[in-house]
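The values are calculated or read from the model by the stated rules, or taken from the named source; none is laboratory data. Everything numeric here is computed off the predicted structure, so don't read it as measured data. Here the Cβ is made from the backbone with ideal geometry for all residues, glycine too, and neighbour counts use every protein chain on show. Note: areas computed on protein heavy atoms with side chains; ligands, DNA, RNA excluded. Shrake-Rupley method; radii C 1.70, N 1.55, O 1.52, S 1.80 Å.
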Amino acid sequence: MRAREIPSLALDSYQRAARIILSNHLVTQTYPDRIALPLLRRWATELREDLLELFGYRLEVTETTARLFTVTDRLDPTAAARTGTDRTFDRHRYAYLALCLAALGRAGNQITLSELADHVAADATQIDGVELSTERAADRDAFVDAVGWLAARGAIALADGDAGGWAANPSAGEALYDIDRSVVVALFRPPRALQHLTSIRGLLAGPEVQPADEDGLVPDRPTDPRETARRVRRALVERPVVYADELDDDERLQLALPRTAADVEVLTGLAAERRAEGIALIDTSGRMSDLRFPSTGTVAQVALLLAGEIADRVLDPDASELVRVPAPQSRTAALIDALDGAIPAAGVFQGLAEEPSDDPAPDPGSGPEPALFPLIDDAWIAAAVAELVRRYGRTFAAQWQADHDGLREQAVALLDKQRLLRRTEGGVLVLPALARYRGVVVNVRDRASQPELFTDDAELAAPSEPVEK
């Protein structure tokens with residue numbers, strides 16, 4: 001491992017480069033900032049060897065881009081593209097993004113926004129369920145969000161005009177973009193030709209894509225310890241928490257070996273927090289995490305407070321015993337089915353297509369007993385959030401002051417994304433990592449009072465905000 005050979009004075013620089021490419025996958029001259037690409041170019045040789053050895057990832061670095069080609073073991077429904085205002089992409093925005101990439105690949109060095117929209121609208125007519133009408137404001141907004149995503153990554157650069165003006169009035173506004181072809185090419189590099197796939201499983205690593213044998217059985221995963229260790233390390237950098245009960249026997253063994261997580265610590269500079277239930281890599285810098293927690297904002301603060309309340313409830317010796325149930329099956333299967341249902345059959349080359357194999361049903365009599373987790377019902381969650389609103393509601397953002405149900409849903413969703421809770425029918429399952437937030441202490445900080453204008457003796461108290469420790 002090259003990281004262990006780097007002098008201590010230079011190790012911090014190397015670890016920053018590793019965190020940048022692991023968190024962004026694509027680095028350009030302007031994305032995520034102007035110093036990222038020179039830093040990666042400095043450590044390109046060492047990073048290329050370490051990323052391949054530890055994760056099986058392939059790194060390509062050119063004068064204008066750095067692209068990390070990862071290995072996907074499972075789908076992650078929380079890893080969505082986001083707009084400039086941090087809204088999750090919907091189906092229309094994803095469709096427009098794909099069609100924009102196709103149009104830019106055929107364009108010259110520059111393109112206007114209206115010309116790009118015309119290309120996307122023409123291509124959209126060939127796909128069932130996809131349409132771009134510049135007469136509809138919702139379509140224009142979705143299209144501009146897709147264009148903004150590309151602009152943020154340097155695939156296109158605004159040369160003149162304003163995309164917002166075009167979105168408000170296409171007949172009066174316009175924008176001109178320079179096209180960076182190297183970034184456009186680097187953005188879309190699937191591991192297999194999509195026209196040769198009849199299922200999204202073909203883009204995943206692991207036994208899900210291995211063909212069945214003559215008896216209809218899918219072979220077991222390869223037992224190569226090096227590849228098993230790579231799968232575990234990939235999970236460590238891709239998931240907030242890696243729970244041992246979610247792994248198979250070989251993977252649990254690798255997770256328990258000190259060197260598995262230690263190698264990732266040396267590469268990234270993150271600290272591994274070990275518990276009997278699993279391992280979490282703690283990013284104190286906040287620059288490798290796509291979703292920081294704890295964080296600022298009403299939803300994040302309520303989620304932290306709710307986590308503390310739930311942890312206290314689980315550990316309360318005087319309260320009634322909670323029901324413990326196993327976690328529901330993985331959500332990956334449902335996501336795969338949804339994506340497979342959207343594949344246009346007309347675009348698949350049947351002669352070259354890889355038919356997905358059905359996973360054999362697990363033998364209920366084999367393997368360890370499933371882990372059981374405390375179940376907190378929805379009524380208790382609603383009551384806990386209502387109490388938090390009563391105590392701290394005056395400090396919340398205005399949009400949540402009257403939307404307590406929406407605030408509860410967003411807070412629970414945040415804890416679910418962080419793998420601290422797991423949503424299930426009728427409530428949530430409390431996962432082990434949530435215990436690290438027990439005993440949350442809240443201080444309500446009042447801003448300094450200032451004299452109210454035009455009065456002699458009245459004071460205007462500024463809004464308060466909660467502060468967590």
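For the range 1-144, which whole percent of the accessible surface, found with a 1.4 angstrom probe, sits on carbon and sulfur atoms? Please report the intermediate quantities before stating the final value.
On the way: 3580 of 7430 Å².
The nonpolar share, carbon plus sulfur, comes to 48 percent.
Hey, can you rank 132-140, 115-123 by average C-beta count inside 10 Å, highest first?
Details: 132-140: 15.0, 115-123: 18.4.
Descending packing order for the listed peptides: 115-123, 132-140.
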Per residue convex hull volume, Cα atoms of the range 48-98, in Å³: 134
log₁₀ of I(q)/I(0) at q = 0.06 Å⁻¹ - the chain, Debye sum with one point per alpha carbon: -0.34
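Would you mind putting 82-92, 376-386, 175-185 in packing order, based on average other-beta-carbon counts within 10 Å, highest first? Walk me through the intermediate numbers first.
Working: 82-92: 12.7, 376-386: 16.0, 175-185: 18.9.
In decreasing order of mean packing, 82-92, 376-386, 175-185 become 175-185, 376-386, 82-92.
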Accessible area per residue, Å², the chain with all protein chains present, probe 1.4 Å: 55
Ranked packing of 260-266, 392-398, most packed first, by mean Cβ within 10 Å: 260-266, 392-398
